Protein chains: 2
Amino acid sequence: MTQEDAPLGEFDLIRRFFTDIGAARSDVELGVGDDAALLRMPSGADLVAAVDTIVAGRHFPDGSDPRSIGHRALAVNLSDLAAMGATPAWATLALTLPSVDAGWLERFSRGLSDLAGAHRVALVGGDTTAGHLTVSVQILGHVERGTALRRSGGCAGDLLLVTGTLGDAGAGLALVRASHTTGDAAAAAALIQRFEYPSPRVEFGIAMRGIATAAMDLSDGLAGDLPKLASASGLAAHVDIERLPLSAALSAVTDLQQARDWALGAGDDYELLLAVPPRNCEKAVSIAARLNLRLSAIGELRPGGGVTWALNGRESAPPGQGFDHFRRASTQITV
Amino acid sequence: MTQEDAPLGEFDLIRRFFTDIGAARSDVELGVGDDAALLRMPSGADLVAAVDTIVAGRHFPDGSDPRSIGHRALAVNLSDLAAMGATPAWATLALTLPSVDAGWLERFSRGLSDLAGAHRVALVGGDTTAGHLTVSVQILGHVERGTALRRSGGCAGDLLLVTGTLGDAGAGLALVRASHTTGDAAAAAALIQRFEYPSPRVEFGIAMRGIATAAMDLSDGLAGDLPKLASASGLAAHVDIERLPLSAALSAVTDLQQARDWALGAGDDYELLLAVPPRNCEKAVSIAARLNLRLSAIGELRPGGGVTWALNGRESAPPGQGFDHFRRASTQITV
């Protein structure tokens with residue numbers, strides 16, 4: 001905390017760093033500064049709402065760059081809207097801070113604002129409290145009625161597609177924590193970037209309405225997340241592990257076994273998992289190509305229940321559980 | 001934590017305690033369990049959104065009854081919507097917990113659910129993380145376009161009205177902390193109840209649309225909050241301190257000076273402060289009577305800026321600042 005900012009109070013704080021964050025939108029009738037925000041919904045649209053919290057020492061290491069923390073707090077929420085095929089519009093922020101540090105706040109709000117601006121999201125409300133660093137963002141958006149992607153819409157025979165590459169964020173976190181090391185500085189930087197600045201697949205999610213039958217975002221790792229989509233759709237899922245998309249950077253820093261472990265279990269990739277009927281796959285591939293986004297078929301939905309995993313045609317042991325904050329909290333990040 | 005619940009993970013937790021919370025609403029197309037909630041907005045209405053966080057040791061003492069914590073986390077948000085004249089409909093919850101305790105969660109969810117049900121609010125999403133006890137609720141509602149109450153609408157000559165009585169929650173907190181004592185057990189219980197289970201004035205707020213010109217809720221104490229309404233309306237405000245509504249319970253446990261200090265500065269009352277033109281005051285009084293709600297004129301809006309305080313016709317020193325979590329965190333509650 002700089003000397004001149006020592007007496008900065010909550011209200012000044014909010015005014016100084018959290019007004020005019022993100023896009024200026026004409027549908028914000030009243031933003032930060034009253035008891036609540038007033039927002040104009042487009043007609044014929046459903047409201048889409050999600051909330052996700054990130055906690056220091058749990059979801060990111062203590063001492064992380066506040067610009068990354070601001071980015072991630074919004075990105076994980078944008079990713080939820082992407083998974084619904086919804087258009088993000090507004091966000092509110094509940095920020096719990098151990099102390100008032102103007103430099104920290106400036107970088108945090110820049111990370112939040114840059115990503116918000118890129119997705120035309122306006123920050124319309126917030127609350128700042130004192131305590132352990134905890135960032136909770138609520139994202140609001142809309143989707144044309146009846147067109148949202150749900151987890152429950154998958155059909156037997158649908159292909160399972162994933163965007164981007166998996167495991168990069170897991171490797172990035174291991175590199176940040178120095179629980180994994182590499183001599184390849186460029187690959188390490190790329191992987192850390194993937195952990196610190198995930199890219200929510202908002203545009204692709206919106207484009208998948210009417211093409212995918214089901215979708216969800218991969219926040220907890222494929223091994224933990226896929227069973228939820230399969231179960232919601234009332235189906236079994238099968239994955240061929242050798243088809244998991246791995247980045248060149250990931251392959252450069254570790255062996256194939258570790259790379260696949262991260263791809264399946266580490267989480268934090270914020271890629272989309274989609275169920276797409278074979279007849280729509282060409283459309284999906286062409287849209288992904290237009291967005292310069294890798295899209296990979298990794299398996300399919302089948303009648304029945306549960307998830308089966310195969311490696312080169314042979315059934316493989318089921319990977320460990322997905323990210324579960326209470327189970328893994330003590331081991332995931334060394335606080 | 002009971003033995004049988006030891007392995008309860010995050011997903012089980014959310015399923016067990018946070019599904020079917022509050023009202024069942026036909027406008028919830030998709031609630032807890034997907035990436036985001038899908039909600040149907042009434043046509044011609046604006047969306048109203050607010051977020052408020054309460055933190056253990058800051059906004060309530062450590063060891064508080066979890067039923068009260070669940071109630072208050074929602075009540076403070078309902079109060080924000082009341083201040084806009086909006087109808088609450090849906091809420092999301094971001095809950096950060098130090099440990100998984102089924103008994104705690106059951107009482108917490110009961111407190112939340114009882115109040116949600118009473119106001120026909122459905123819990124449609126949530127996120128549970130591990131960490132210092134922090135409860136962030138985002139409330140969503142709607143209001144007929146163009147009718148919301150704002151802080152900025154006040155006019156010179158409007159009377160300043162407050163609902164209920166002020167200072168009770170401040171006294172209740174002091175009694176809980178045992179920084180204040182009394183021999184009057186019934187009065188103490190009533191005041192503690194006012195701190196632990198505030199009643200957001202939702203119905204009255206909705207009824208004040210078209211009658212009040214400005215409104216806000218009193219979360220930080222009149223001395224801290226009134227300047228915000230006056231400033232937003234571009235006006236001065238005057239208050240006659242002897243007109244502050246004090247409850248019989250408050251008067252039973254302390255002297256007039258301390259009672260007024262709590263009424264002005266302690267916060268947590270969650271009553272409404274309204275600016276009402278004299279021509280509409282009779283209507284406001286009659287609506288309050290119908291709702292069995294005390295309504296008191298305490299002053300007026302005047303041309304100019306700032307707030308003046310008078311006691312029995314003589315100008316009085318301005319009371320201390322309103323609740324500011326960073327300034328008062330270390331003194332408000334002994335952690």
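The values are calculated or read from the model by the stated rules, or taken from the named source; none is laboratory data. These numbers come from a predicted model, not from an experiment. Note: ideal-geometry Cβ built from the backbone for every residue, glycine included; neighbour counts use all protein chains shown. Note: accessible area is taken over every heavy atom of the protein model, side chains too, but ligands, DNA and RNA are not part of it. Shrake-Rupley method; radii C 1.70, N 1.55, O 1.52, S 1.80 Å.
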Flagged in the range B:269-303 as part of a strand (DSSP E or B), of a type outside the set (A, V, I, L, M) and more than 21 Å from B:Gln193 (Cα to Cα), in numbering order, are B:Ser296, B:Gly299, B:Glu300, B:Arg302
Filter the range A:75-96 for residues that are β-branched (Val, Ile, Thr) and buried (at least 24 other Cβ atoms within 10 Å of the Cβ); the one that is nearest to A:Gly126 (Cα to Cα) is A:Thr92
Filtering the range B:304-315 for residues that are assigned to a loop (DSSP other than H, G, I, E, B) and either basic (Lys, Arg) or buried (at least 17 other Cβ atoms within 10 Å of the Cβ) (or both) leaves a count of 0
Cβ pairs under 7 Å, 6+ apart or interchain, first in the range B:43-58 and more than 7 Å from chain A (Cβ to nearest Cβ), second assigned to a strand (DSSP E or B) and open to solvent by 10 Å² or more (accessible area, probe 1.4 Å), ordered by first then second residue, are B:Gly44/B:Glu144; B:Ala45/B:His142; B:Ala45/B:Glu144
* Asked: Does A:Gly205 meet the test of being in contact with a strand residue (DSSP E or B) (Cβ under 8 Å, 6 or more places away or on another chain), in the same structural domain as A:Gly170 (by TED's automatic domain parsing) and modelled with pLDDT under 95?
  -> no
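Residue-wise test of (1) open to solvent by less than 20 Å² (accessible area, probe 1.4 Å); (2) without any contact (Cβ under 8 Å) to a residue 24 or more places away in the chain; (3) not in a loop (DSSP other than H, G, I, E, B).
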position	(1), (2), (3)
A:Ala189	no, yes, yes
A:Arg194	no, no, yes
A:Gly205	yes, no, yes
A:Ile211	yes, no, no
### Query
Would you call B:Ser99 open to solvent by 20 Å² or more (accessible area, probe 1.4 Å), at pLDDT below 95 and touching a strand residue (DSSP E or B) at 6+ places or on another chain (Cβ under 9 Å)?
yes
B:Ser199 meets each of (1) away from chain A (no Cβ under 11 Å); (2) over 16 Å from the mean Cα position of the chain (by Cα) with one exception, condition (2)
| request: Take B:Ser64 and decide whether it is of a type in the set (S, T, N, Q) and within 7 Å of chain A (Cβ to nearest Cβ). | output: no
Here the qualifying pairs (Cβ atoms under 7 Å; residues six or more apart or on different chains; first in the range B:73-98 and in contact (Cβ under 8 Å) with a residue 40 or more places away in the chain and farther than 26 Å from B:Thr147 by Cα; second part of a helix (DSSP H, G or I) and of a type outside the set (A, V, I, L, M)) come out as B:Leu93/B:Phe18
Item to complete: Determine, yes or no, whether B:Arg72 is touching a Phe, Trp or Tyr at 6+ places or on another chain (Cβ under 9 Å), basic (Lys, Arg), more than 7 Å from chain A (Cβ to nearest Cβ) and surrounded by fewer than 24 Cβ atoms within 10 Å (Cβ to Cβ).
Response: no
Here the residues within the range B:105-145 that are open to solvent by 10 Å² or more (accessible area, probe 1.4 Å), touching a residue at least 60 places away in the same chain (Cβ under 8 Å) and over 25 Å from B:Glu29 (Cβ atoms) are B:Glu106, B:His132, B:Leu133
Subset of the range B:147-196, residues within 14 Å of chain A (Cβ to nearest Cβ) and among the basic types (Lys, Arg), comes to B:Arg150, B:Arg151
All-but-one check, B:Leu218 against (1) out of contact with any strand residue (DSSP E or B) (no Cβ under 6 Å at 6 or more places or on another chain); (2) closer than 28 Å to A:Gly33 by Cβ, failing number (1)
Residue hits (the range B:46-86; touching a His at 6+ places or on another chain (Cβ under 8 Å), under 22 Å from B:Arg209 (Cα atoms) and aliphatic (A, V, I, L, M)) are B:Leu47, B:Val48, B:Leu78, B:Ala86
B:Arg151 vs (1) charged (D, E, K, R); (2) in contact with a Lys or Arg (Cβ under 7 Å, 6 or more places away or on another chain); (3) within 30 Å of B:Val32 (Cβ to Cβ): all pass except (3)
query: Is there a residue being out of contact with any His (no Cβ under 8 Å at 6 or more places or on another chain), facing chain B (nearest Cβ under 8 Å) and crowded, with 18+ Cβ neighbours inside 10 Å anywhere in the range A:12-24?
result: yes
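Matching residues to (1) in the same structural domain as A:Leu81 (by TED's automatic domain parsing); (2) part of a helix (DSSP H, G or I); (3) modelled with pLDDT of 95 or more; (4) within 17 Å of A:Leu166 (Cβ to Cβ):
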{"residue": "A:Thr182", "(1), (2), (3), (4)": "no, no, no, no"}
{"residue": "A:Pro198", "(1), (2), (3), (4)": "no, no, yes, yes"}
{"residue": "A:Ala215", "(1), (2), (3), (4)": "no, no, yes, yes"}
{"residue": "A:Leu226", "(1), (2), (3), (4)": "no, yes, yes, yes"}
{"residue": "A:Leu229", "(1), (2), (3), (4)": "no, yes, yes, yes"}
{"residue": "A:Ala232", "(1), (2), (3), (4)": "no, yes, yes, no"}
{"residue": "A:Gly267", "(1), (2), (3), (4)": "no, no, no, yes"}
Exactly one of A:Leu295, A:Leu244, A:Leu301 is open to solvent by 30 Å² or more (accessible area, probe 1.4 Å), of a type in the set (A, V, I, L, M, F, W, C) and out of contact with any His (no Cβ under 7 Å at 6 or more places or on another chain), and that residue is A:Leu295
One residue is enough: does the range A:269-276 have a residue meeting the conditions in contact with a helix residue (DSSP H, G or I) (Cβ under 9 Å, 6 or more places away or on another chain), more than 14 Å from chain B (Cβ to nearest Cβ), modelled with pLDDT of 90 or more and under 15 Å from A:Ala174 (Cα atoms)? yes
